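Step one of this worksheet: look at the structure below.
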Amino acid sequence: MFNCRTAWNKLAPLARASSTVCRQSGKREVSRHVRRPLFARRAQMSSRATGGGGEDKFYVLLVGAACAAGGVYVYYTVSGDKARYDERLAQISRRQHRQAEPSPAPTQAQQEVAADTALESTKASEPAPVSAPGPVDPALPEFPGHAPYLLIGGGTASFAAARSIRARDPGARVLIVTEEADLPYMRPPLSKELWFSDDPSVTETLRFKQWNGKERSIYFQPPSFYVSPSTLETVENGGVAVLTNRKVVHMDVRGSRVKLSDGAEISYDKCLIATGGVPRNLQVIERAGEEVKRRTTLFRKIEDFRALEKASRELKSVTVIGGGFLGSELACALGRRSTDLGLEVVQMFPEKGNMGKVLPEYLSNWTTEKVKKEGVTVLTDAVVKRVSFEDDKVQIKLKDGRVVKTDHIVAAVGLEPNVALARSAGLEVDSDFGGYRVNAELQARSNIWVAGDAACFYDIKLGRRRVEHHDHAVVSGRLAGENMTGAHKPYWHQSMFWSDLGPDVGYEAIGIVDSSLPTVGVFTKATAKDTPRAVTELSGTGIRSESETEAVAGVVAGAVAGAVSVSAGAPAPPTQQEENYGKGVIFYLRDKVVVGIVLWNVFNRMPIARKIIKDGEEHVDLNEVAKLFNIHED
């Protein structure tokens with residue numbers, strides 16, 4: 001804009017020249033004794049000699065343009081101030097209107113405090129219908145165009161991150177975008193406790209009784225905990241909103257924007273990718289045709305639980321393909337109801353026993369016998385060659401010639417990390433483990449973090465890893481949320497996982513548990529309290545995820561430091577045990593160092609196992625190390 005200093009610099013020489021000419025002319029006339037001095041003619045708007053007038057018009061136009069521009073600037077400034085003033089008045093009016101409305105019984109702060117125990121505690125929560133929270137004002141947009149914290153994915157990792165963000169930044173506005181129709185929920189009960197419920201409406205309520213008899217919902221929080229996406233930008237003190245039935249299909253990292261499946265766009269300041277994984281399927285099933293696909297369940301979501309539960313009541317036979325955690329849990333769950341429903345349950349897998357990729361062979365074989373006692377026909381060394389639909393049955397032909405006819409297939413053959421956004425976002429995918437490669441703070445870019453099943457992180461003790469378990473989703477999501485608010489903490493946690501084959505057999509594991517590694521097992525006779533049912537009755541917890549208290553962790557850490565640090569040398573050979581493996585500890589070794597531990601019907605001792613792996617020392621006698629877990633207590 002033309003300013004005063006510029007005008008003065010242009011006009012000052014003109015004024016000085018004009019005044020000088022005037023004074024000199026007057027002096028000359030006076031000196032000549034002329035009665036009437038002849039002063040100079042009217043000064044021209046120029047700093048040059050008198051005569052020309054071309055530049056005068058230029059300066060007049062210049063000054064006029066400056067004045068006009070100033071007027072325009074003042075007009076628009078005043079208009080903008082008025083618009084902002086009106087908008088502020090409207091916000092105050094809406095706030096007063098909301099305060100006048102009756103508020104729900106629990107406040108937002110109280111519910112967020114309650115959320116601190118939602119991931120680990122199994123205390124009963126309010127019924128949580130799957131509908132999104134609250135009615136939407138038609139005058140408001142369905143969701144904000146900008147979110148300070150954008151979380152892609154609606155699983156455990158996203159909820160843990162949202163809770164962590166709000167804990168460190170109480171006024172934060174967090175938007176979770178999920179392609180599912182449900183609010184954030186925990187997945188483990190879908191293959192565990194929900195199957196043992198006596199409630200015929202369990203598929204609708206999604207409430208279950210834990211082994212200790214207490215009831216709870218699979219949802220982390222009821223709908224009233226969340227704010228509506230349409231009011232996230234204006235709600236006082238921020239909150240957490242969930243945008244359901246929306247899929248992020250494109251990510252512009254440079255522009256800090258994402259594009260949804262319906263074409264809408266949302267910008268962000270900081271973003272978390274917690275897209276989890278997609279269930280794998282067998283290629284022979286993919287090629288088998290629509291009739292086979294329609295009779296196949298890839299178990300992952302609430303809708304999959306509902307579909308399989310309905311099939312188990314209406315059909316005569318179900319075949320589970322897969323002998324890992326999920327396949328074995330579902331086989332036991334279906335086998336439990338086989339007698340009452342007249343259901344034939346078959347489980348097949350290429351290994352020699354259940355969980356053959358995780359447990360040592362002797363324990364895998366024992367587990368297989370346990371599954372058979374649940375009413376399951378187990379087919380080992382079973383490699384599927386062809387699947388077809390004939391005579392209203394799905395026929396599964398194995399490589400050794402065996403043929404299984406069934407009404408329905410459950411494919412539980414692993415999980416593929418969901419990295420669909422990698423191409424558009426330009427993010428690196430690990431070629432060995434899959435998932436987005438992140439640094440020690442779970443960062444993929446300066447304002448992008450990854451947590452849960454989709455994160456391939458570097459473990460300072462065990463190297464680069466990718467973990468697909470509930471506890472890892474909790475801890476990595478929590479850490480990502482802290483780092484999104486500026487904590488800059490590295491990921492050092494050794495996550496655990498657990499599996500229950502009904503209420504009487506369960507185990508917890510940590511580190512690298514691979515049956516191809518050398519193992520040392522120490523077992524003893526179990527008592528009535530050494531079952532998942534008994535431990536939940538005692539502790540009141542069911543979702544075993546970081547449930548150990550700091551006090552217990554501190555005590556056992558001291559015990560480990562005192563008893564384990566003196567151990568050195570080669571590990572002892574495996575101890576021969578009777579075939580009733582009631583309870584015990586299995587150590588997994590790599591280069592004579594313990595890198596993984598399975599606690600078989602031994603509970604609430606995970607801090608000890610974590611400390612042993614963290615120390616990374618060789619031990620002369622692992623039988624002595626096993627005593628730290630108190631497995632010989634009555």
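Some observations on this one:
- Selection count where residues are over 27 Å from the mean Cα position of the chain (by Cα) and under 20 Å from K529 (Cβ atoms), scope the stretch 600-632: 11
- Counting only strands (runs of 3 or more DSSP E) wholly contained in the stretch 493-534, the ones carrying 1 or more residues that are modelled with pLDDT of 90 or more and of a type in the set (G, A, S) occupy 506-511, 519-524.
- Any hit, the stretch 554-577, residues being among the small types (G, A, S), under 30 Å from E374 (Cα atoms), modelled with pLDDT under 85 and open to solvent by less than 50 Å² (accessible area, probe 1.4 Å): no
- Failed criterion for E428 (all others in (1) within 16 Å of M496 (Cβ to Cβ); (2) open to solvent by 20 Å² or more (accessible area, probe 1.4 Å); (3) modelled with pLDDT of 95 or more; (4) not hydrophobic (A, V, I, L, M, F, W, C) hold): (1)
- Wholly enclosed strands (runs of 3 or more DSSP E) of the stretch 407-464 bearing at least 1 residues touching a helix residue (DSSP H, G or I) at 6+ places or on another chain (Cβ under 9 Å) and under 23 Å from G481 (Cβ atoms): 415-417, 443-445, 448-450, 455-459
- Listed by position, the strands (runs of 3 or more DSSP E) enclosed by the stretch 176-292 that each have at least 1 residues that are open to solvent by less than 30 Å² (accessible area, probe 1.4 Å) and more than 27 Å from S499 (Cα to Cα) are 239-243, 248-252, 257-260, 265-273.
- Failed criterion for A480 (all others in (1) out of contact with any helix residue (DSSP H, G or I) (no Cβ under 7 Å at 6 or more places or on another chain); (2) at pLDDT 90 or above; (3) buried (at least 20 other Cβ atoms within 10 Å of the Cβ) hold): (1)
- If only residues of the stretch 503-519 that are acidic (D, E) and open to solvent by 10 Å² or more (accessible area, probe 1.4 Å) are counted, the one that is nearest to V358 (Cα to Cα) is D514.
- Filtered residues of the stretch 431-477 (kept if open to solvent by 20 Å² or more (accessible area, probe 1.4 Å), without any contact (Cβ under 8 Å) to a residue 40 or more places away in the chain and either under 15 Å from the mean Cα position of the chain (by Cα) or closer than 22 Å to Y268 by Cα (or both)): R437, N439, S446, H469
- Complete set of residues in the stretch 349-379 that are out of contact with any helix residue (DSSP H, G or I) (no Cβ under 7 Å at 6 or more places or on another chain), among the polar types (S, T, N, Q) and either open to solvent by 10 Å² or more (accessible area, probe 1.4 Å) or under 24 Å from G401 (Cα atoms) (or both): N365, T368, T377
- Test: F349 is farther than 25 Å from R294 by Cβ and not β-branched (V, I, T): no
- Qualifying residue in the stretch 509-527 (condition: closer than 17 Å to P417 by Cβ and among the aromatic types (F, W, Y)): no
- Taking the stretch 387-421 as the range and being over 22 Å from K301 (Cβ atoms) and either without any contact (Cβ under 8 Å) to a residue 24 or more places away in the chain or under 32 Å from the mean Cα position of the chain (by Cα) (or both) as the test, the residues that pass are E390, D391, D392, K393, Q395, K397, K399, D400, G401, R402, V403.
- Residues in the stretch 184-229 that are in contact with an Asp or Glu (Cβ under 6 Å, 6 or more places away or on another chain) and among the hydroxyl-bearing types (S, T, Y): S191, T203.
- Qualifying residue in the stretch 245-266 (condition: aliphatic (A, V, I, L, M), modelled with pLDDT under 95 and out of contact with any Cys (no Cβ under 6 Å at 6 or more places or on another chain)): no
- Residue count for the stretch 510-524 under the criterion of being under 13 Å from S364 (Cα atoms), in contact with a strand residue (DSSP E or B) (Cβ under 8 Å, 6 or more places away or on another chain) and among the small types (G, A, S): the result is 1.
- Just so you know, in the stretch 382-391 the residues that are open to solvent by 30 Å² or more (accessible area, probe 1.4 Å) and either at pLDDT 95 or above or assigned to a strand (DSSP E or B) (or both) include one that is farthest from L282 (Cα to Cα), and it is E390.
- Residue match in the stretch 128-147 (condition: crowded, with 19+ Cβ neighbours inside 10 Å, modelled with pLDDT of 50 or more and within 23 Å of R478 (Cα to Cα)): yes
- Comparison of E193, E233, E179, E215 shows that the only residue that is of a type in the set (D, E) and under 15 Å from L151 (Cβ atoms) is E179.
The values are calculated or read from the model by the stated rules, or taken from the named source; none is laboratory data. The structure presented is a predicted model; accordingly, all values stated were derived computationally and were not measured. Using ideal geometry, Cβ is built from the backbone for each residue, glycine included, and neighbour counts are taken over all protein chains shown. The accessibility values were calculated without ligands, DNA or RNA, using every heavy atom of the protein model including side chains. Shrake-Rupley method; radii C 1.70, N 1.55, O 1.52, S 1.80 Å.
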